[in-house]
Amino acid sequence: MKHVNNTLKVLQSFFLGIFMISFAIAFVILFRPYYYMNIGILELEEETGYSYEVIKEAYDDVMDFLVFGDEFKTGELKYSEEGKSHFEDCKKLFTFDFICLFISSAFLITIFVLQKLKKIKLEYKKLSPGIYSIIWVGTAFLILGIWGIIDFNSLFTAFHKVCFPGKDNWMFSPSKDQIIRILPTQLWMNFCILIVFILLVFIISFIVYEIYRRKKLKKSQG
């Protein structure tokens, strides 16, 4: 029984980490106002010569394809078949993230319900699963964050080579795939900043909960 409990606690920490990451990514994917805000911040209208409406329509069309599986379109902007193929690859990554979010949520909810129903009893005498999860998630993102600060372009390139092995259709030509003009490197940096911010909210929340939990445990024992 002890072995089963330890396994469940390890899985709980693992899925908490997966939930944190997949939730942060899904939030950035689904929260389109953040992109709309970046149209002004990055001065995309001035940089591209496209109007706000053209930029917004093109972005919405691509996201509708990636998230909902609508017909691939880029509004009034031109695209190539090679560019379309890259977005089809991206759609698989988006789907993978949503699956990770669903599975991790289902597991964590199941564990929570089973504990409330007293079907299982997981005791956390040392650190709670949330602390273990932020250790591995925090370490991974600290490494990536330092890499991104030093050379974001190299991190961006490495990400594409890992996620799209053997393909170079992610290297868009602005003349053939005009959508890339409204998706500059600085935008991806801003997306990453929002992801890190959401993860920091999780990390701070878990730390605050751990402090509260340990004080409560100490009071009950003393």
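Considering the stretch 127-136, the residues that are among the aliphatic types (A, V, I, L, M) and open to solvent by 30 Å² or more (accessible area, probe 1.4 Å) include one that is nearest to Lys218 (Cα to Cα), namely Leu127. Restricting attention to the stretch 70-100, the residues being within 20 Å of Leu183 (Cβ to Cβ) and open to solvent by less than 50 Å² (accessible area, probe 1.4 Å) number 13. The residues of the stretch 47-66 that are without any contact (Cβ under 8 Å) to a residue 40 or more places away in the chain and in a helix (DSSP H, G or I), listed by number, are Tyr52, Glu53, Val54, Lys56, Glu57, Asp60, Asp61, Met63, Asp64, Phe65, Leu66.
Rundown of residues vs (1) in contact with a Cys (Cβ under 8 Å, 6 or more places away or on another chain); (2) touching a residue at least 12 places away in the same chain (Cβ under 8 Å); (3) surrounded by 14 or more Cβ atoms within 10 Å (Cβ to Cβ), yes/no style:
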{"residue": "Phe102", "(1), (2), (3)": "no, no, no"}
{"residue": "Ala106", "(1), (2), (3)": "no, no, no"}
{"residue": "Leu114", "(1), (2), (3)": "no, no, yes"}
{"residue": "Lys121", "(1), (2), (3)": "no, yes, no"}
{"residue": "Gly138", "(1), (2), (3)": "no, yes, yes"}
{"residue": "Leu144", "(1), (2), (3)": "no, no, yes"}
{"residue": "Asp151", "(1), (2), (3)": "no, no, no"}
{"residue": "Leu155", "(1), (2), (3)": "no, no, yes"}
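When residues in the stretch 162-193 are screened for being at pLDDT 90 or above, surrounded by fewer than 16 Cβ atoms within 10 Å (Cβ to Cβ) and among the charged types (D, E, K, R), 1 of them pass. If you go through the stretch 161-179 and pick out every residue that is closer than 22 Å to Thr48 by Cβ and either in a helix (DSSP H, G or I) or in contact with a Pro (Cβ under 7 Å, 6 or more places away or on another chain) (or both), you end up with 2.
For the stretch 10-30, state whether one or more residues are open to solvent by 40 Å² or more (accessible area, probe 1.4 Å) and not in a helix (DSSP H, G or I). Looking for residues that are open to solvent by 40 Å² or more (accessible area, probe 1.4 Å) and not in a helix (DSSP H, G or I), one finds none in the stretch 10-30, hence no.
The values are calculated or read from the model by the stated rules, or taken from the named source; none is laboratory data. Values in this document were obtained by computation on a predicted structure and should not be read as measured data. Positions of Cβ are backbone-derived with ideal geometry, glycine not excepted, and every protein chain shown enters the neighbour counts. Only protein heavy atoms, including side chains, enter the accessible area calculation; ligands, DNA and RNA are left aside. Shrake-Rupley method; radii C 1.70, N 1.55, O 1.52, S 1.80 Å.
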